[in-house]
Amino acid sequence: MRIPAPSPPADEPSRRPAGRRPPGLTRFNTAPASSVTTALLSCCASPRWARRIATHRPYPDVDALLAAADEASYDLSAADLDEALAGESSPGLHPAAPPAAHTALRAAHAAYEASFGHAFVICLDGFRPDEQPDQVLAGIRSRLGNDPDEERVVAADELRRLARARLTHVLAHVWANHPVGGDSGRPDSRPDSPSVPV
């Protein structure tokens, strides 16, 4: 039997944290579906994922939107995941990185893509830019030992985390700075995010 939580006294405000409402969320909730779908496809290249999130607007806060994005990610079929992975490109290095580092990373990506048939995806939230190349190389090396089914599970989870980070970026930096409903509200390319080395 579930016991409901007690309500706070009438003179005491609720201590439950309020949901986050950045300006971009209002624009995201009210923009035309085509603009929202385009923005969502820049976060994850699964049309089904994008349509599902766009259809369930409006969202009361960012946490609700991110929860919906997670749920849609968990519900991707094998074909949806293939589409999403086909839209990814393997993370690279800053052009100023030493040539040997570029060579090592290209070889690691080639080995991964030959083994699994899609780009290597990894979410790098929480890592400084100077730590990201080592994390990518270590991730590829450790995941090359996975069998294909195991790696699809890992890649799907990394893709879910990337989509969350990109969606957060789109809300905070793209939709927050553009008028509601105009074409300018649609990002033309995948957003730069702390998760995606560019």
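The values are calculated or read from the model by the stated rules, or taken from the named source; none is laboratory data. Keep in mind that what you see is a predicted model, and the values were worked out from it rather than measured. No Cβ is skipped: glycine too gets one built from the backbone with ideal geometry, and neighbour counts run over all protein chains shown. Accessible surface is based on the protein model in full, side chains and every heavy atom, while ligands, DNA and RNA are left aside. Shrake-Rupley method; radii C 1.70, N 1.55, O 1.52, S 1.80 Å.
Of note:
- Of the GluC sites (Glu not before Pro) in region 78-151, the ones in a loop by DSSP (not H, G, I, E or B) with at most 15 other beta carbons within 10 Å are Glu131.
- Surface share of carbon and sulfur [accessible, 1.4 angstrom probe, percent] for region 23-118: 60 percent
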